[in-house]
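Taking it in order: structure first as structure tokens, then the write-up.
The values are calculated or read from the model by the stated rules, or taken from the named source; none is laboratory data. These figures come from a predicted structure and were not determined experimentally. Cβ: placed from backbone, ideal geometry, glycine included. Neighbour counts: every protein chain shown. When the accessible area is computed, the model is the full protein with side chains, heavy atoms only, and any ligands, DNA or RNA have been set aside. Shrake-Rupley method; radii C 1.70, N 1.55, O 1.52, S 1.80 Å.
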Amino acid sequence: MRRASLMGISLLYLLLFTGMMSEAHGQALPYSSVEVFGKKGEHSGEFNEPFAITVDSSGAIYVADARNHRVQKFDGTGKFLQQWGTQGDGLGQFEKPSGLVVDGQGAVYVADYDLDRIQKFDAQGNFLREWGANGKKPGQFSSPTGLSIDSENHIVVADMYNHRVQKFDAQGKHLSTWGSYHPISVFKSFFNFLFCQEAEGKFNYPARIAVDNADRIHVSDSYNNRVQVLSGQGEFEFQFGGVGSWGGRFRVTSGIAVDHAGRVFVADFYNNRIQIFDKEGSYLDQWGEPGDEPGQFNGPTDLAVGPEGNIYVVDWGNHRIQIFKLSKEVK
Amino acid sequence: MKVKMSSLFLAFIFIALTALPLNAEDSGEKITIKVEGLYCPFCAYGLEKQLKKLDGYKKVEINLKHGVAELQTQPGATVTDEAIQQAVEDAGFDSASIKRLQKESK
């Protein structure tokens, strides 16, 4: 599915936009400080392919540590607090934890990419319940990766290989399913300002999801290189993005989060950067480049907004988490 | 003639005896699969998931830098190209881009 699209992306990138990609260079960074924690390993506080992140209302950080088959919990500064999970398909075990969200009561929901299920834990990591199985029927999954929660404590899931979004109540009862498969060609995505918008409400491997204060659902439509915004009832509202390397464009959208002001933060996997958009989807700012220094990324796969407005980014290939404090000018 | 027959018999016995330990130590195949477009974990994990379902699967490692999956099979197991190809397709990749670069027994 991706050979042609990635070749196209590379070609267009080289031919047309090598001079436009450095738009942010020379401009002030949108963050005032960055803290880094974690390194590759299997001990507490270390990671082996951290994949997803969420932050609760108290500022505690939860990380899905994919290849260590566990969830780790940290305080807001990155100090290790606890962990749970071992490899397996039993209750409370994980094969590949791939998505996280915390509800208003502090319960932690964890998606498992390989086991096609959601597990619910209390804030101490005690198993509460599970739901889901491999399949295409409502309530089943094919590699769930993104989780978010709305104002009614409903869990919204990016069901990636089923190219759809599903909604459940806090007990795992299926409520709604939206979306189907529709890839957009690289050519049309690149020149989407010339074409009528297509495939509204349809997806090409939706990887992450974020619900805003108005219960609008923001879907990271990863291989369509765009973000789609749906109403709480799943109706398409608008989209933004398209393939490219300049501001407002993406090369595989991954993590997505919305802050209290409605600004949307999107991790741009191949461009190794984070982009900021306003609530209408207009591009505001960006930061990041390839590398392993603070502020650089090696494949950001997820991000979260903390209660203080800090941005927590999973730097997957560097096996670490970066915490960015945004500049006052951006706030 | 008797000498030749006995030599052949002894050779047969020798081959049979030395072959047994080799079979016992067979560690299976190591198959390197080149998959175009294998660059990010969202899809790489999908390929890994499908390869794990193959009969004879023992271990798989994905190397994103080189765009390859290295599949280790169980001793004595045979995983066909067709089965691998199907797994790759199920993971959402182009089947025509698969290459079996290495196939060896230890």
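Among the residues of the stretch B:54-71, those identified as more than 10 Å from chain A (Cβ to nearest Cβ) and surrounded by fewer than 16 Cβ atoms within 10 Å (Cβ to Cβ) are B:D55, B:K59, B:E61, B:N63, B:H66.
Every residue, every condition in (1) modelled with pLDDT of 95 or more; (2) within 15 Å of A:I209 (Cα to Cα); (3) surrounded by fewer than 24 Cβ atoms within 10 Å (Cβ to Cβ), yes or no:
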residue	(1), (2), (3)
A:V252	yes, yes, no
A:G262	yes, yes, yes
A:V266	yes, yes, no
A:Y270	yes, no, yes
A:I274	yes, no, no
A:L284	yes, no, yes
A:G291	yes, no, yes
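Quick one: is A:A199 free of Cβ contacts under 8 Å to residues at least 60 places away in the same chain and more than 14 Å from chain B (Cβ to nearest Cβ)? Criteria met by A:A199. Can you pull out the residues in the stretch A:68-101 that are open to solvent by 20 Å² or more (accessible area, probe 1.4 Å) and closer than 23 Å to A:I256 by Cβ? Residues satisfying the conditions are A:K73, A:G76. Listed by first and then second residue, the pairs with beta-carbon distance under 6 Å, at least 6 apart or on different chains, first residue in the stretch A:167-194 and over 27 Å from A:D215 (Cα atoms), second among the aromatic types (F, W, Y), are A:K188/A:F195. Within the stretch A:224-249, restricting attention to residues that are in contact with a helix residue (DSSP H, G or I) (Cβ under 7 Å, 6 or more places away or on another chain) and under 16 Å from A:P206 (Cα atoms), the residue that is surrounded by the fewest Cβ atoms within 10 Å (Cβ to Cβ) is A:G242. Taken as a whole, the structure leaves A:A4 outside the set of residues that are modelled with pLDDT of 85 or more, within 13 Å of chain B (Cβ to nearest Cβ) and either surrounded by 13 or more Cβ atoms within 10 Å (Cβ to Cβ) or part of a strand (DSSP E or B) (or both). Taking the stretch A:111-122 as the range and being within 13 Å of chain B (Cβ to nearest Cβ) and either surrounded by fewer than 20 Cβ atoms within 10 Å (Cβ to Cβ) or in a strand (DSSP E or B) (or both) as the test, the residues that pass are A:A111, A:D112.
Among the residues of the stretch A:287-302, the one identified as more than 17 Å from the chain's Cα centre (by Cα) and either among the aromatic types (F, W, Y) or assigned to a strand (DSSP E or B) (or both) is A:P290. Considering only the stretch B:30-46, state which residues are within 11 Å of another protein chain (Cβ to nearest Cβ) and open to solvent by less than 10 Å² (accessible area, probe 1.4 Å). Matches in the stretch B:30-46: B:V35, B:G37, B:L38, B:C40, B:P41, B:F42, B:C43, B:A44, B:Y45, B:G46. Taken over the stretch A:134-153, the criterion of being under 17 Å from the mean Cα position of the chain (by Cα) and either surrounded by fewer than 18 Cβ atoms within 10 Å (Cβ to Cβ) or not hydroxyl-bearing (S, T, Y) (or both) is satisfied by A:P144, A:G146, A:L147, A:I149, A:D150.
Of the residues in the stretch A:78-96, at least one is assigned to a loop (DSSP other than H, G, I, E, B) and touching a helix residue (DSSP H, G or I) at 6+ places or on another chain (Cβ under 8 Å). Please determine whether any residue of the stretch B:84-91 is closer than 22 Å to A:D112 by Cα, within 13 Å of another protein chain (Cβ to nearest Cβ) and modelled with pLDDT under 90. There is no residue in the stretch B:84-91 that is closer than 22 Å to A:D112 by Cα, within 13 Å of another protein chain (Cβ to nearest Cβ) and modelled with pLDDT under 90.
Regarding A:G125, is this residue under 29 Å from A:S58 (Cα atoms), touching a residue at least 40 places away in the same chain (Cβ under 8 Å), open to solvent by 20 Å² or more (accessible area, probe 1.4 Å) and not in a strand (DSSP E or B)? Judged against the criteria, A:G125 is not a match. Among strands (runs of 3 or more DSSP E) entirely within the stretch A:232-286, having at least 3 residues that are more than 14 Å from every other protein chain (Cβ to nearest Cβ) singles out A:236-241, A:264-268, A:273-277. Within the stretch A:29-56, no residue that is part of a loop (DSSP other than H, G, I, E, B) sits with its Cβ atom under 9 Å from a residue that is surrounded by fewer than 15 Cβ atoms within 10 Å (Cβ to Cβ) and among the aliphatic types (A, V, I, L, M) at 6+ positions apart or across chains.
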